[in-house]
Amino acid sequence: MRTLRNYVQDQWIEGTAPFATLHNAFTEESCAQASVNGVDVSAAMAHARKVGGSSLRNMSFAERGAMLKRMSEVIHGARDELIALAQENSGNTRGDAKFDIDGASGTLAYYASLGRKMGDNNWKLDGEQLRITRSARFVGQHIWVARRGVAVHINAFNFPAWNMCEKLACALLAGMPVYTKPATATAIVSERIVALWVEANVVPAGVVSLHCGSAGSMLDHVRSQDCVVFTGSGDTGRLIRAHEAVIAHNVPVNIEADSLNVAVLAPDVKPDSDTFWMFISDVARDMTQKAGQKCTAIRRIIIPESATEAVVEALADRLDQQILGSPYERPTTVGPLATASQKRDIQAGIAALSEHAKQVWGQNVQVPDTGYFVAPGLYLVQGGVDAPFVHEHEVFGPIATIVPCSGTAEDVIDIVAAGGGGLVASMYTNDRTWGREVILGIAPWNGRIHWGSKKVHDQSSGPGTVLPTLVHGGPGKAGGGEELGGERGLNFYWQRTALQGDRALFDKLFPSEKVE
Ligand code: NAP
């Protein structure tokens, strides 16, 4: 059986027993093992800070961008190999695997081009010089510089390529070395990507370290210049925030967690209109892509009561076209879940949801005998904002629930807010007044809002795709974090310092430079 390795202090190290076992999600057979026992995590982080930090500080934004470009090209060059690994380890269909792997190379390429535009500096000014006394000579100026620690990245199981690379892209362009930990159960793709970078010699010494196994005492070693960026469940997020070393050293923590994302159909949208079908397509895609294991997937479908029959019928038609089965077969559109424990969690979630909601599609879907499959299911719950379970619990699989309501902006805002904070909300309307009111009401509860309308019905990327140009993250239940968003994604890895001194000296040493 393949043993995954850890890449620390610029060397590959195999952990020792006990090992965690990784499985093929379709056959359920063991396919790899992983362990970090025997790895000196403290020394690994110290090496990253010293050697990796120094390598990056000696590089301009443009040079870091060139490094990200090579990292992206290496992934793209091994696309088919990585797709095959994702099919094996995560149960991804070919399309789902491409979504993850192309997302990884695309995000690195985006930040590569941002680095090229940011030019030859390795610091950034924040705003203009400010007059702070009566003197015109003595001024203030804010400046951003990279923190002198290591960025510890902890990733979720569902996007072993993209989740690792979107975090790496921002940290490395900002100038911080990375100690990255994939979720153990699906670490094969992450390990292979790091190995490809090492083989192609595209990352300087100390810049990337890889931890392939459980976290164990990993966070005991973080220090004040480090930061922790986490994607995963809210429960683990809370453990990380409360970790003794994180608290003792005031280590900044960014958390991306659970989210009860909504899709809202407005009362003005008539069945069979372009906007209606845009809504139906987005919901059906989000329920089934990656077998619903997407942090941005639509979980709650809010519709006017009067549209219930039309929505159920249209969604049922779309979902009937899905083919559940082997991720290795081309026609398959929905593969298994990634792990046995995810399957158990989702089955428990479905059982709890079924106590309050009626299943309106999926009762007869047959699942293969082996593999971590769960049949997709569409549910209907009454009670609007007071409906039980649906506003509190995320069932992280191919499951969504319709919540009928009056359709007034006020009702919709209350129902969206009942989810406690989300990553993305989508709304489908051509009524500008209703749309504006809903946006202003739900924006405090969401990191991103997707407005579907007749003008963009055939041009949209859908709400479920995370784009490097726009911020990703959400308040409250979604973790309160923020990633990506172009240059905004770098801020977390920087210290902003206020300088006070001689205007002419600052003009010379830190001239303002425009980003194109
Ligand atoms: P998880 O169980 O919380 O695990 C996430 C990561 O945390 C894994 O790498 C895990 O390592 C690690 N971990 C577990 N315990 C830890 C500890 N005490 N200290 C440090 N790290 C620890 O979540 P998951 O099951 O992988 O992911 C599913 C959840 O992630 C869903 O709820 C989903 O909503 C959320 N998610 C959110 C986003 C987003 O962008 N907001 C994206 C994807 C997923 P091991 O694998 O070794 O246990």
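Overview of results
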{"item": "So F157, is it touching a helix residue (DSSP H, G or I) at 6+ places or on another chain (Cβ under 6 Å) and surrounded by fewer than 24 Cβ atoms within 10 Å (Cβ to Cβ)", "result": "yes"}
{"item": "Lone unmet requirement of (1) modelled with pLDDT of 95 or more; (2) more than 10 Å from the ligand (Cβ to nearest atom) for D272", "result": "(1)"}
{"item": "Test: V262 is within 30 Å of E410 (Cα to Cα) and among the hydrophobic types (A, V, I, L, M, F, W, C)", "result": "yes"}
{"item": "Residue check, S273 open to solvent by 40 Å² or more (accessible area, probe 1.4 Å) and among the small types (G, A, S)", "result": "no"}
{"item": "Residue, surrounded by the fewest Cβ atoms within 10 Å (Cβ to Cβ), within the stretch 447-461, restricted to residues that are within 17 Å of G485 (Cα to Cα) and small (G, A, S)", "result": "S461"}
{"item": "Residue count, the stretch 215-228 (criterion: part of a loop (DSSP other than H, G, I, E, B), buried (at least 16 other Cβ atoms within 10 Å of the Cβ) and near the ligand (Cβ under 10 Å from one of its atoms))", "result": "1"}
{"item": "Pair list, Cβ < 9 Å and 6+ apart or interchain, from the stretch 474-499 residues that are among the β-branched types (V, I, T) and open to solvent by 40 Å² or more (accessible area, probe 1.4 Å) to residues that are away from the ligand (no atom under 11 Å from the Cβ) and at pLDDT 95 or above", "result": "T497/H142; T497/I143; T497/W144; T497/V145"}
{"item": "Evaluation of A161 against (1) at pLDDT below 95; (2) of a type in the set (G, A, S); (3) within 17 Å of A187 (Cα to Cα) (one fails), failing number", "result": "(1)"}
{"item": "Any hit, the stretch 328-348, residues being in a loop (DSSP other than H, G, I, E, B), open to solvent by less than 10 Å² (accessible area, probe 1.4 Å) and away from the ligand (no atom under 16 Å from the Cβ)", "result": "yes"}
{"item": "Which numbered condition Q11 fails, given (1) open to solvent by 50 Å² or more (accessible area, probe 1.4 Å); (2) farther than 30 Å from N122 by Cβ", "result": "(2)"}
{"item": "Qualifying residues in the stretch 349-388 (those that are at pLDDT 95 or above and hydroxyl-bearing (S, T, Y)) - the one most open to solvent (accessible area, probe 1.4 Å)", "result": "S354"}
{"item": "All positions within the stretch 437-446 that are open to solvent by less than 30 Å² (accessible area, probe 1.4 Å) and not hydrophobic (A, V, I, L, M, F, W, C)", "result": "G441, N446"}
{"item": "Pairs where the first residue, in the stretch 101-114, is not assigned by TED's automatic domain parsing to the domain that holds L467 and the second is of a type in the set (S, T, N, Q) and part of a helix (DSSP H, G or I), C-beta under 7 Å, 6+ apart", "result": "S105/S72; L108/S72; A109/S72; A112/S72"}
{"item": "Subset of the stretch 400-436 [within 13 Å of the ligand (Cβ to nearest atom) and of a type in the set (V, I, T)]", "result": "V424"}
{"item": "Unique residue being in contact with a His (Cβ under 8 Å, 6 or more places away or on another chain) and not assigned by TED's automatic domain parsing to the domain that holds D458 when the list is T184, T180, T236", "result": "T180"}
{"item": "Residues (more than 15 Å from the ligand (Cβ to nearest atom), in a strand (DSSP E or B) and of a type in the set (G, A, S)) located in the stretch 127-184", "result": "G127, G140, A146"}
{"item": "Failed item in (1) surrounded by fewer than 23 Cβ atoms within 10 Å (Cβ to Cβ); (2) not in a loop (DSSP other than H, G, I, E, B), with G420 passing the rest", "result": "(2)"}
{"item": "Residue that is most open to solvent (accessible area, probe 1.4 Å), among those in the stretch 229-269 that are aliphatic (A, V, I, L, M) and more than 13 Å from the ligand (Cβ to nearest atom)", "result": "I247"}
{"item": "Helices (runs of 4 or more DSSP H) completely within the stretch 15-110 that count 1 or more residues being at pLDDT below 95 and in contact with a Ser or Thr (Cβ under 7 Å, 6 or more places away or on another chain)", "result": "79-90"}
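The values are calculated or read from the model by the stated rules, or taken from the named source; none is laboratory data. Note that the structure is predicted; figures quoted are calculated from it, not measured. Positions of Cβ are backbone-derived with ideal geometry, glycine not excepted, and every protein chain shown enters the neighbour counts. For accessibility, only protein heavy atoms count, side chains too; no ligands or nucleic acids. Shrake-Rupley method; radii C 1.70, N 1.55, O 1.52, S 1.80 Å.
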